[in-house]
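Enquirer: Could you have a look at this structure, given as structure tokens, before my questions?
The values are calculated or read from the model by the stated rules, or taken from the named source; none is laboratory data. Note that the coordinates shown come from a computational prediction; the quantities given were computed from them, not determined experimentally. We place every Cβ from the backbone using ideal geometry, glycine too, and count neighbours over all the protein chains shown. To get the accessible areas, we keep the full protein, side chains included, count just its heavy atoms, and leave off ligands, DNA and RNA. Shrake-Rupley method; radii C 1.70, N 1.55, O 1.52, S 1.80 Å.
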Amino acid sequence: MLSDFFNNKKTGLHVLWGLVFFVTIIACSEKEKQSISIQWKDNRAESISIPLKLLGNTPADSIEKRLHIQLLNSNTPVLGEYTVTGDVLLFRPLIAFTRGLKYEVRLSGGLLDEIEIPADSAANAPAVIAVYPSADSLPLNLLKMYVAFSKPMQEGQALQNITVIKNEKDTIPSVFLDLQPELWNRESTMLTLWLDPGRIKRELQPNQLMGPPLEEGASYQLIIKKDWRDAEGIELSSVYNKHFIVGKRDSICPDPAKWTIRLPKRGTKEPLKTELPEPLDYVLLKNAIRITDKNGNTVNGIIETEAGESILNFIPATVWAPGDYTIEIESRLEDHAGNNLNRLFDKELKQQNKTNQKEIYKRPFHIR
């Protein structure tokens, strides 16, 4: 009957191409079922799917020993987890596959396939949005720094992507502690870098042998490399540089009694502006201070800083009502040298005066 169709050339041509297209679709579908593919979630190459048929007679209990996923031209397997789902084996890496790189899938040393994780557009690239302290003059006994990113970053790679250069020529090793795990916030967008406390406390042996990590009067560059990648495997949009100079040692505890409070107007959402005699720790400023009303209830709002963390702005969620308020400051609030409201960082606890120490320090104010 098929020959009858071909008696009509036009009809026969359409049928012929239809058959070719149908067979091609089936062939492609079958091929797709037998090929290794990338599984995506939230724009991340979350896993790769390997048809079990490609693994032949490999015993299930030896798959992890025989099957390796590794970077192209690398002999180091990517760490991850294997799970069987239906007729495929899923491999989920501990750290997301890196966009723009190629990986090999090897079984008992032989190459099964090669996959490439496509690069993403520059518009989706992460960026360093700030480094704190943001001031360009920092104390000799600086205790820690924070790096804020626009997107969640890959963890465990901080020190290999951060370089410190002194006086524009010397790369300084071991400025920051090599902490494992690294100190990230819950969202993996803020990293805390600690300078070695043993080199900052003058009575400790590391300080006496090596001196402090920074040198008074010297200038420094903190460089964050473009190679650092986010959780989706996308590298930073650009290199980040922070320049700063090192001043004298800070050996004075912050004192809320010396803060200058600039009152907002009633019926407005103007910020309550507090001017500090010295810059304080960025993260603690946002987490160790609250505003309460006359009944002790917390006033909802957000805290922002400016002028190198020496000005604190509290912006209320609703307009200010007239009445009595209090700024409550937890004693853990620190300056850049780790001196909190109750004690100096570089001093033995037994040597410190414990009189008049409090858990909460208060500064009342009144809006008319």
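Enquirer: If you place +1 on the Cβ of every Lys and Arg and -1 on the Cβ of every Asp and Glu, how big does the dipole about the Cα centre of the range 168-293 come out, in debye to the nearest 20?
Expert: Dipole magnitude for the range 168-293 comes out near 620 debye.
Enquirer: Okay, next question. What FRET efficiency do you get for SER49 and GLN160 if R0 is 35 Å and r is their Cβ-Cβ distance, rounded to the nearest 0.05?
Expert: E(calc), rounded to 0.05, equals 0.70.
Enquirer: Can you give the accessible area per residue of the range 172-321, in Å², using a 1.4 Å probe? Could the numbers behind the result be given before it?
Expert: On the way: 7760 Å² over 150 residues.
Dividing the accessible area of the range 172-321 by its residue count gives 52 Å².
Enquirer: For LYS294, which aspartates and glutamates qualify as cross-link partners when the Cα separation must be under 19 Å and same-chain residues fewer than eight apart are set aside?
Expert: In chain and number order, the partners are ASP324, GLU328, GLU330.
Enquirer: Right, next: Return the subset of LYS41/LYS65; LYS201/LYS258; LYS151/LYS273; LYS201/LYS362; LYS166/LYS248 for which the Cα-Cα distance in this structure is over 22 Å, preserving the input order.
Expert: In this structure, LYS41/LYS65; LYS201/LYS258; LYS151/LYS273; LYS201/LYS362 lie more than 22 Å apart at Cα.
Enquirer: Can you give me the long-range amide H partners of GLN39? Hydrogens built in the peptide plane at 1.01 Å from N, cutoff under 5 Å, separation of 5 or more residues or another chain.
Expert: GLU46, SER47, ILE48, SER49
Enquirer: Still on this model: Go through the range 269-327 and name the trypsin sites (Lys or Arg not before Pro) that are in a DSSP coil and have 13 or fewer other Cβ atoms within 10 Å of their Cβ.
Expert: Taking the range 269-327 and a limit of 13 other Cβ atoms within 10 Å, the loop trypsin sites (Lys or Arg not before Pro) found are LYS269, LYS294.
Enquirer: Spelling out what I want: for every residue of the range 356-368, take phi, set θ = phi - 60°, compute 6.51 cos²θ - 1.76 cosθ + 1.60 (Karplus), and round to whole Hz; glycine and proline get x.
Expert: Whole-Hz 3J(HN,Hα) from phi for the range 356-368: 6, 6, 9, 7, 10, 9, 10, 10, x, 8, 10, 9, 7.
Enquirer: Here's something else I'd like to know. What distance in nm lies between label points placed 7 Å from Cα along the C-beta direction at ASP42 and LYS265?
Expert: 4.4 nm
Enquirer: Once the dipole of the chain is set up with Lys and Arg at +1 and Asp and Glu at -1 on Cβ about the Cα centre, which of VAL78, HIS366, THR260 lies farthest towards its positive end?
Expert: Positive-end residue among those listed: HIS366.
Enquirer: Okay, helix-only estimate at 222 nm for the chain: each DSSP H run of n ≥ 4 adds -39500 (n - 2.57), divide by all residues, round to 500 deg cm²/dmol; what do you get?
Expert: My calculation for the chain gives -4000 deg cm²/dmol from helical runs alone.
Enquirer: Given H placed 1.01 Å from N in the peptide plane, which residues other than close sequence neighbours of GLY301 have an amide H under 5 Å from its amide H?
Expert: Under 5 Å from the amide H of GLY301 lie the amide H atoms of ALA317, each far enough along the sequence or on another chain.
Enquirer: By how many nm would the segment from ASP170 to ASN287 grow when fully extended, if each residue of separation counts as 0.36 nm and the alpha-carbon distance is taken off?
Expert: Here the answer is 38.5 nm.
Enquirer: Now a separate question. Which percent of the accessible heavy-atom area of the chain goes to carbon and sulfur, probe 1.4 angstrom?
Expert: After summing per-atom areas, the C and S share lands at 52 percent.
Enquirer: Over the alpha carbons of the range 214-368, what is the largest minus smallest coordinate on each principal axis, giving the biggest first in Å?
Expert: Cα spread of the range 214-368 along its principal axes, largest to smallest: 52, 46, 27 Å.
Enquirer: Please work out whether the range 200-278 counts as rounded, prolate or oblate from its C-alpha gyration tensor, where a ≥ b ≥ c are the square roots of the eigenvalues and a/c under 1.5 means rounded, while otherwise a/b larger than b/c means prolate and anything else oblate?
Expert: oblate
Enquirer: Specify whether the C-alpha gyration tensor of the range 144-302 places it in the rounded, prolate or oblate class, a ≥ b ≥ c being the square roots of the eigenvalues: rounded for a/c under 1.5, otherwise prolate if a/b is larger than b/c and oblate if not.
Expert: Taking the square roots of the gyration eigenvalues as a ≥ b ≥ c, the range 144-302 is oblate.
Enquirer: Excluding ligands and nucleic acids, what accessible area in Å² is computed for TYR132 using a 1.4 Å probe, to the nearest 10?
Expert: The value for TYR132 is about 40 Å².
Enquirer: Ok, one more. Nearest 10 degrees is fine. How inclined is helix 9-33 to the longest principal axis of the chain, computing both from alpha carbons?
Expert: Approximately 50 degrees, to the nearest 10.
Enquirer: Ok, one more. What percent of all Cα-Cα pairs in the chain falls into each 10 Å bin, going from 0 up to the bin containing the maximum distance?
Expert: Once binned at 10 Å, the Cα pair distances of the chain give 4, 17, 20, 18, 15, 11, 7, 4, 2, 1, 0.
Enquirer: Which shape class applies to the range 60-218: rounded if a/c is under 1.5, otherwise prolate when a/b exceeds b/c and oblate if not, where a ≥ b ≥ c are the square roots of the Cα gyration tensor eigenvalues? Don't skip to the answer; put the middle values down first.
Expert: Values: a/c = 2.75, a/b = 2.18, b/c = 1.26.
In terms of gyration-tensor shape, prolate.
Enquirer: Which FRET efficiency value, to the nearest 0.05, do you get for ARG363 and THR298 by plugging their Cβ-Cβ distance into 1/(1 + (r/R0)^6) with R0 = 22 Å?
Expert: 0.90
Enquirer: Moving on. Note down the accessible area of VAL128, probe 1.4 Å, to the nearest 10 Å².
Expert: 20 Å²
Enquirer: If you don't mind, there's one more thing I want to ask. Karplus couplings for the range 94-107 from phi (6.51 cos²θ - 1.76 cosθ + 1.60, θ = phi - 60°), rounded to Hz, Gly and Pro as x?
Expert: Once rounded to whole Hz, the list reads 5, 10, 3, 4, 8, 5, x, 10, 9, 10, 9, 10, 10, 10.
Enquirer: Further question on the same structure: I need the phi-derived Karplus couplings for the range 189-206: 6.51 cos²θ - 1.76 cosθ + 1.60, θ = phi - 60°, integer Hz, Gly and Pro marked x.
Expert: Computed from phi, the couplings for the range 189-206 are 10, 10, 10, 9, 10, 9, 6, 5, x, x, 8, 8, 6, 6, 8, 8, 4, x Hz.
Enquirer: Ranked from the most accessible area to the least, with a 1.4 Å probe and all protein chains present, what is the order of HIS68, HIS243?
Expert: HIS243, HIS68
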